[in-house]
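Heads up, the thing below is written out as structure tokens.
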Amino acid sequence: MTEVLSTHGLVARYGDFQALYDVDVEVHEGEAVALIGANGAGKSTFLRAILGLLPVKPEMVHLDGKPIGGTPTDRMVQKGVAIVPEGRRLFTGMSVSDNLRVAIDQTSRLGRKGGWTLKRLYQLFPILEEKAKTPVQSLSGGQQQMVSIGRALLCQPRLLLCDEISLGLAPRVIREIYTALPEIRAHGTSIVVVEQDVGLAKSASDRLYCMLEGRVTLTGRSEEITREQIGEAYFGGGHAVV
Amino acid sequence: MTSISTTVDQATPPVVNVRRQTLSGVIALSLFALIIVALATMAWWAKTGTIRMVLELCCYIVAAQMWNMLAGYAGLVSVGQQAFIGVTGYAVFVLAQTFGVNPFLAIPLALVVPAIVAIPCYLLLHRLDGPYFAIGTWVVAEVFRLVASNLGWVNAGAGMSLGVMRDYSGFERNVAMSILCALMILVAIGGSYWFLRSRYGLALIAMRDNPVAASSQGVNVRRLRFMIYVAAAVGCGFAGAVYFMAQLRINPPSAFDPMWSNVAIFIVMIGGIGTIEGVVIGALIYFVADRFFGEYGASYFVVLGVMTVLVALYARTGIWGMISKYWDAPWFPIRRHLMVEKEDRS
């Protein structure tokens with residue numbers, strides 16, 4: 001399988017505070033990779049570093065084998081990397097369809113092509129078509145999350161980064177959103193999910209990386225990794241590779 | 001399998017209807033056209049005093065709308081727009097008085113100056129964030145004032161007079177002022193409206209709501225901010241050029257008066273930040289207040305300041321925000337209603 005994204009000794013800092021230490025992660029085409037870890041383990045920082053929201057050296061992040069670390073966020077979208085940010089970050093002053101239109105406008109401006117259309121998105125999340133004219137503020141948390149995912153998909157990503165999309169949602173809604181992931185992968189899009197819910201992360205991914213205090217403490221195929229191994233990597237102990 | 005575009009069939013985009021114009025918008029647009037015509041023909045129906053008053057109001061509207069684009073959409077809170085107002089005012093005086101250029105031709109020529117000056121200013125300032133940016137813009141404006149106060153060829157602290165205007169009759173000057181007012185409003189309000197409805201518009205509103213999320217949708221926030229900063233410099237410059245041409249005199253304290261930014265902030269905050277309607281409402285309120293209470297001097301400014309603070313604390317969306325909560329009839333509709341045709345859903 002071709003490698004889409006890889007990081008090599010990725011280091012990121014917030015001022016004097018070093019948040020990531022030599023993180024090596026690989027994502028292959030069509031693959032779903034989960035990133036798990038406790039609060040403050042560096043999962044979101046990892047996504048921010050990839051997206052050019054934190055200063056990193058070019059050679060630390062490779063996309064299709066080319067060094068792209070530190071590329072500005074909007075250029076990353078152009079290269080096919082989209083994010084579903086933590087806390088959804090919708091454009092609160094706009095309706096559902098206008099939120100989606102921002103992505104449509106920009107991708108057509110940048111000349112990116114792909115299979116995601118409004119029609120397909122509405123098939124994936126039918127409720128969005130029903131609520132198209134509704135201001136996003138009056139949607140439920142789950143519906144807002146769907147807008148956020150839809151917005152990212154309309155950027156026609158080859159790699160979709162999902163930052164804690166289950167946070168603050170009811171279990172039934174989480175299941176509904178996670179059932180959409182295989183459908184997204186069927187379009188050839190690779191996915192990185194950042195999750196705190198280990199069970200959810202395991203079932204939704206091919207491989208997983210466990211992070212602790214800015215370092216990767218465990219990697220392997222999701223179905224082969226045991227709860228005990230995760231427990232040890234999650235809370236501390238030796239570095240384990242399965 | 002090399003890339004997504006080969007694995008997924010290129011679905012044709014769905015048939016969509018985009019509707020943006022509303023009845024209130026059509027009425028407002030017709031009124032806007034009427035106002036532009038009325039402004040342009042002022043010389044034939046208004047007294048000189050009235051024209052001067054309207055000209056002042058137009059300058060406030062333009063400066064406020066430029067501040068609105070900066071703070072309301074680009075998230076760039078500037079308190080130093082007087083830098084460009086003054087620089088352009090001076091440019092007109094230097095071109096017309098020193099180099100003998102026709103003063104009315106000097107105005108469009110002078111607009112090149114703020115555009116050029118804005119570029120190095122922005123390169124300096126764009127690294128600053130929030131309040132640091134605001135202070136930075138003020139410092140830039142103060143530097144400009146100090147330079148003008150010490151520069152011999154703009155007559156330093158004594159300032160300049162536009163003596164060449166004596167060559168024109170009062171009526172000719174009134175005609176020019178009227179047309180300049182109409183042009184200014186057309187460019188500032190009409191131009192902003194056009195910009196917000198253009199392809200950049202939605203990106204701009206997205207940026208207003210959440211710059212980080214906008215950039216992760218592919219919006220080039222850095223470039224948009226730069227474009228708006230330069231455009232706002234030129235817009236403010238236009239207001240400055242017209243204002244000081246009408247005044248016939250310019251000196252450093254009046255050209256680089258922080259009052260310009262204060263008034264712009266008041267107008268936008270009271271009227272409703274991030275909307276064009278708010279600027280029009282705010283400017284009218286300021287103008288009326290200034291006519292009636294201006295004589296009270298300092299205490300009047302205290303009242304204006306307190307009002308701005310109260311609005312900022314308790315009614316962030318300003319008067320227009322309160323109105324549109326109950327009455328959804330925008331004068332300048334920029335929202336789009338996207339409708340996928342039913343038969344396309346299948």
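Nothing in this text is a laboratory measurement; each read-out follows from the coordinates by a stated rule. Given the structure is predicted, the values throughout are model-derived calculations rather than measurements. Methodologically, a virtual Cβ is constructed for each residue, glycine included, from the backbone with ideal geometry; neighbour enumeration extends over all protein chains shown.
Here are a few things to note about the model shown:
- Extended-chain gain in nm, criterion 0.36 nm per residue less alpha-carbon gap, B:F99 and B:V303: 69.0 nm
- Label-to-label distance, B:V164 versus B:R249, with points set 7 angstrom from Cα along the beta-carbon direction: 2.1 nm.
- Candidates B:V230, B:V101, B:V212, ranked by Gaussian network fluctuation over chain B, Cα under 10 Å, top entry: B:V212
- Only Lys, Arg (+1) and Asp, Glu (-1) charged, at Cβ; region B:18-257 dipole about Cα centre in debye: 500
- Computed with the Debye formula from one identical point scatterer per Cα of region B:18-257, without solvent, the log10 of I(q)/I(0) at q = 0.07, 0.11, 0.16 Å⁻¹ comes to -0.25, -0.61, -1.15.
- For chain A, leaving out every one of the GluC sites (Glu not before Pro) that falls in a DSSP loop and has at most 12 other Cβ atoms within 10 Å, the longest unbroken run is A:1-222.
- Highest-fluctuation residue, B:L123, B:L162, B:L204 considered, GNM on chain B with Cα pairs under 10 Å: B:L123
- Over the C-alpha trace of region B:250-295, radius of gyration and Dmax come out as 11.9, 33 angstrom.
- Label-reachable residues, region B:303-319, where backbone N falls under 18 Å from a point 7 Å from B:L31's Cα toward its Cβ: B:319
- Report summary: the helix-based calculation at 222 nm, which adds -39500 (n - 2.57) for every DSSP H run with n ≥ 4 and divides by the residues of chain A, gives -10500 deg cm²/dmol.
- Using the Cβ-Cβ distance between B:L124 and B:R291 with R0 set to 41 Å, the FRET efficiency from 1/(1 + (r/R0)^6) comes to roughly 0.60.
- The Rg/Rh ratio of the protein assembly as shown, with Rg taken over Cα atoms and Rh as the Kirkwood radius over Cα pairs, comes to 1.05.
- With R₀ set to 60 Å, the beta-carbon distance separating A:Y21 from B:A38 gives a calculated FRET efficiency near 0.30.
- Residue among A:G52, A:G40, A:G70 with the largest mean-square fluctuation in a Gaussian network model of chain A, springs linking Cα atoms under 10 Å: A:G40
- In this label model, B:V147 and B:F171 are separated by 4.3 nm, measuring between points 7 Å along each Cα→Cβ vector.
- Using C-alpha pairs below 8 Å separated by at least 6 residues, the relative contact order for region A:128-196 is 39 percent.
- Shape of region A:1-44 from the C-alpha gyration tensor: oblate (a/c of 1.5 or more and a/b not above b/c, with a ≥ b ≥ c the square roots of its eigenvalues).
- Cβ-based charge dipole, the protein assembly as shown, positive-most Cα from A:G141, B:V306, B:A156: B:A156
- Fraction of antiparallel bridges per DSSP, the protein assembly as shown only, in percent to nearest 5: 55
- Compactness index (Cα Rg / 2.2 N^0.38 Å), region A:45-194: 1.01
- Order by protection proxy (mean Cβ within 10 Å, highest first), peptides A:98-107, B:219-228: A:98-107, B:219-228
- Separation of the A:E223 and A:A180 label points, Cα + 7 Å toward Cβ, nm: 2.6
- Chain B - percent relative contact order, Cα under 8 Å, separation 6 or more: 34
- Peptide A:116-122 has a mean of 5 when you count, residue by residue, the C-beta atoms of other protein chains within 10 Å of its C-beta.
- Between 0 and 90 degrees, the angle of helix B:259-271 with respect to the longest Cα principal axis of chain B falls at about 40 degrees.
- Residue pairs exceeding 31 angstrom between C-alpha atoms, taken from A:K43/A:K113; A:K131/B:K325; A:K66/A:K119; A:K79/A:K119; A:K43/A:K66; A:K79/B:K325: A:K66/A:K119; A:K79/B:K325.
- Over chain B, DSSP H runs of length four or greater, each weighted -39,500 (n - 2.57), average out per residue to a 222 nm ellipticity of -20500 deg cm²/dmol.
- Inter-part distance where region B:99-121 and region B:227-299 are each reduced to a Cα centre, Å: 20
- Residue among B:F84, B:G191, B:L95 farthest towards the positive dipole end of region B:83-207, charges placed on Cβ: B:G191
- P(r) of region B:134-287 over all Cα-Cα pairs, binned every 5 Å from zero, in whole percent: 2, 8, 12, 17, 18, 16, 12, 8, 5, 2, 1, 0
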